[in-house]
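Each reported figure results from applying straightforward, stated rules to the coordinates on display, with no laboratory input. Nothing here was measured: the structure is a model prediction, and the numbers come from that model. Here the Cβ positions follow ideal geometry from the backbone for every residue, glycine too, while neighbour counts run over all protein chains shown.
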Amino acid sequence: MGTSISYTVTMKGPVHIIHIPRRFVVSHWGGSETFVAEVSRRMVSHGFDVKIFTSKALSTVSHETYQGVPIHRFTYVYPYAGLSTHAKSLLDQKAGNLFSFSLLWALLFRKDLDLIHLHTGKRMGGIGRLCARVRRIPYIISLHGGNLAVPEDERDTWVEPTKGLFEWGKVLGMLVGSRRVLADASAIICVGKDEYDAMVTQYPDAYIEYLPNGVDIQRFETGDGAAFRRTYGISEDRFVCLTMARLDVQKNQLGLIRQLPALLEKNPLIHLLLIGPATNREYAASLRQEADRLGLTDHITIIEGLPYQGSELVDAYKASSCFVLPSLHEPFGMVVLEAWASGLPVAVSQRGGLASLVTQDTTGLFFDPASEAEDENSIASTVARLSQDRAFAQSLAEAGRQEAAASYSWDSITARLETIYQRVYEHSIR
């Protein structure tokens, strides 16, 4: 059965840890990158030797640092015969099953290495697994989503770039044991509660922990929302509904746009602010096309990503009146924590990890992203409630801010992760 711990073990001497995400670039930032960056820089300040090993997907820079944490990027290949440059770019952006011989070599022969923390599975995760087993050190894997409840049509978009091509990399996956990554891990960390429950059922004898994402509370307490509105031409009287998420089928911005006419009937000052990197270019284009078709471009602002560490991202939250996340599935929803820390009321899909993160009528509101606009539990009806009852919306915002501060600070999340490391490390040296 899955287990949970609450004690701390003191490690003897410096501990050398390598995080392995599939990619790590500021231009395509997401929840897994935030997790790796925030816990790594805190652990460095606590005396750990922490490094990030990743691929050169979407980056040509081999070595750099991010907030004091060294990043090493390695060459890689997608093992498909006849793969085009365009297809490779699509795989880089989302879910590409890559292999890196140089990463394998570096992990096998690096002198100081006590623990590997995977943030990806498949072939790259298999590399981490194989190297850990050869070196007789523990490895941990974090599940950041994508293992449960992914609609079939979205999964199809992941493999579309390789459709019809000969895959010569299956033997590589077999050699590194890519299908054994979860089963052989010293610990499985789940960012979403629903994924944790599923893993406990699937691996009843494994050490499994539920460890949610966190938020930098102080960072999101201040910002210049008025300046942001001036920069992007959003008038002061607009009720701004912010969605901070990748422009991708999963995040369902298209469903939100299609319910905007019904929202405007209830409140003509509604304005959608959609911010996020375009991991699906065709989908991003469809958002603008739908806005044009509906004749509502003056009520929609689309920004293809803001630097995570830049002040403008915080300003965007402060420029908004509420936060909306219409995802078709969602493992956790780190952006909800950012919205809470920014003092925004939230309305989210009752899907995946969001269902256990938000408490209905207390820290936020749920809607069904598949419901028609006229339904009581639709996106339109739920968001309209926030725009029409400001006192209620403010009570949700305050409760959310308190919840974020009490349960989701990065300091507390990092402390819990260190305890997991310590348990695994101690067990490995017995």
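Starting from the Cα gyration tensor of the range 219-407, take the square roots of the eigenvalues, sort them a ≥ b ≥ c, and report rounded, prolate or oblate (rounded when a/c is under 1.5, otherwise prolate if a/b is larger than b/c, else oblate). Rounded, because the longest to shortest axis ratio a/c is under 1.5. Using alpha-carbon positions, what is the distance between the centroids of the range 169-235 and the range 29-92, in Å? Distance between centres, Cα-based: 15 Å. Of the residues Lys56, Lys111, Lys251, the one that moves most in a GNM of the chain with alpha-carbon contacts below 10 Å is Lys111.
If you run the Gaussian network model on the chain, springs between alpha carbon atoms under 10 Å, then out of Thr222, Thr162, Thr85 the most flexible one is Thr85.
Using a ≥ b ≥ c from the Cα gyration tensor of the range 289-382 (square roots of the eigenvalues), is it rounded, prolate or oblate, where a/c under 1.5 gives rounded and otherwise the larger of a/b and b/c decides, a/b for prolate? Here the range 289-382 falls in the oblate category.
Highest GNM mean-square fluctuation among Arg133, Arg73, Arg123, for the chain modelled with Cα contacts below 10 Å: Arg133. When both bridge partners sit in the chain, DSSP labels roughly 10% of those beta bridges antiparallel. Peptides 234-247, 197-210, 28-41, 260-273 ranked from most to least packed by the mean count of surrounding Cβ atoms within 10 Å: 28-41, 234-247, 260-273, 197-210. Is the range 161-245 best put as rounded, prolate or oblate by its Cα gyration tensor, with a ≥ b ≥ c the root eigenvalues, rounded for a/c under 1.5, and otherwise prolate when a/b is larger than b/c, oblate when not? Note, shape of the range 161-245 comes out oblate. Taken along the Cα-to-beta-carbon direction at a fixed 7 Å, the label points for Thr222 and Thr297 span 3.8 nm. For the chain, the alpha-carbon coordinates run over 64, 52, 40 Å along the three principal axes, in decreasing order.
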